[in-house]
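What follows is one structure encoded as structure tokens, with my remarks underneath.
The values are calculated or read from the model by the stated rules, or taken from the named source; none is laboratory data. Everything numeric in this text was worked out from a predicted model, so none of it was measured. Glycine also receives a Cβ, built like all others from the backbone with ideal geometry; neighbour counts cover every protein chain displayed.
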């Protein structure tokens, strides 16, 4: 299988690191990017072929990964649309906000598209990606897309593209929520007399351990929470304070706001 990437940024690099020398040879991966430094790094680390411009190597790819910023996607689509008459690659888009039907329209009606929403833990192989396939995607191509994104973590397939916005809000943006909470815990630790390093270590280890416990348990997270909470104890005091401050409601509202903004971006970018 030959794979071409248009865009050689962090997410593309994460995918390439999971593929090169493992699922495909580095020489069967081609990367197009305007940054000479990025291309030199990727070639040196993974043995991929590179180009500063969209070229013939893109035409012969079995899978074409579009890993550019949403604002660049229209120009990329205009460049590759004429090349699709020479082949029928699976197109995997990891650009936020660009609807499948919009990308298809920009590509002259091409339907062999899988739209994905990964998240930044993919950079360490611990990501999760929401995925949806358009009607022109074959079962074999869908399996190939799953294999590709599974190199950087778990995959979740959706039956309706409208669900990409909730996925974006929950897991795509989600790492920022976790980092925000860690920041708050670290700040509290410092204000209570611990050092910055101690607060960071305690907060991160607590998040990591609690997440692993939840992942390995068959019980609802609400039950796990209740087991840590003795009425009248320290955890009870903390959770009561959060409840009184409306923390849970604020988090739910924030995730819904992210989903709403995702829908807005899709409309804005599609109208370009």
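Observations on the model:
- When residues of segment 22-57 are limited to those that are touching a helix residue (DSSP H, G or I) at 6+ places or on another chain (Cβ under 8 Å) and part of a loop (DSSP other than H, G, I, E, B), the one nearest to residue 151 (Cα to Cα): 23
- Evaluation of residue 143 against (1) without any contact (Cβ under 8 Å) to a residue 40 or more places away in the chain; (2) over 14 Å from the mean Cα position of the chain (by Cα); (3) surrounded by 17 or more Cβ atoms within 10 Å (Cβ to Cβ) (one fails), failing number: (3)
- Per-region count, segment 253-272, residues assigned to a loop (DSSP other than H, G, I, E, B) and either touching a residue at least 12 places away in the same chain (Cβ under 8 Å) or closer than 15 Å to residue 95 by Cα (or both): 1
- Pairing each residue of segment 197-210 that is in the same structural domain as residue 180 (by TED's automatic domain parsing) and free of Cβ contacts under 8 Å to residues at least 24 places away in the same chain with any residue that is surrounded by 15 or more Cβ atoms within 10 Å (Cβ to Cβ) and outside any helix (DSSP H, G or I), provided the two are 6+ apart or on different chains, yields C-beta distances under 9 Å for 202/194.
- Scanning segment 58-72 for residues that are in contact with a helix residue (DSSP H, G or I) (Cβ under 7 Å, 6 or more places away or on another chain) and either in a helix (DSSP H, G or I) or not assigned by TED's automatic domain parsing to the domain that holds residue 116 (or both) yields a count of 3.
- Residue in segment 237-252 that is closer than 30 Å to residue 71 by Cα and assigned to a loop (DSSP other than H, G, I, E, B) present: no
- Close pairs from segment 215-241: first assigned by TED's automatic domain parsing to the domain that holds residue 185, partner surrounded by fewer than 11 Cβ atoms within 10 Å (Cβ to Cβ), Cβ under 8 Å, at least 6 apart: 236/230
- Only one entry in 97, 136, 125 is in contact (Cβ under 8 Å) with a residue 12 or more places away in the chain and either within 10 Å of the chain's Cα centre (by Cα) or surrounded by 22 or more Cβ atoms within 10 Å (Cβ to Cβ) (or both), namely 97.
- Filtering segment 164-184 to residues that are crowded, with 16+ Cβ neighbours inside 10 Å and without any contact (Cβ under 8 Å) to a residue 40 or more places away in the chain leaves only 182.
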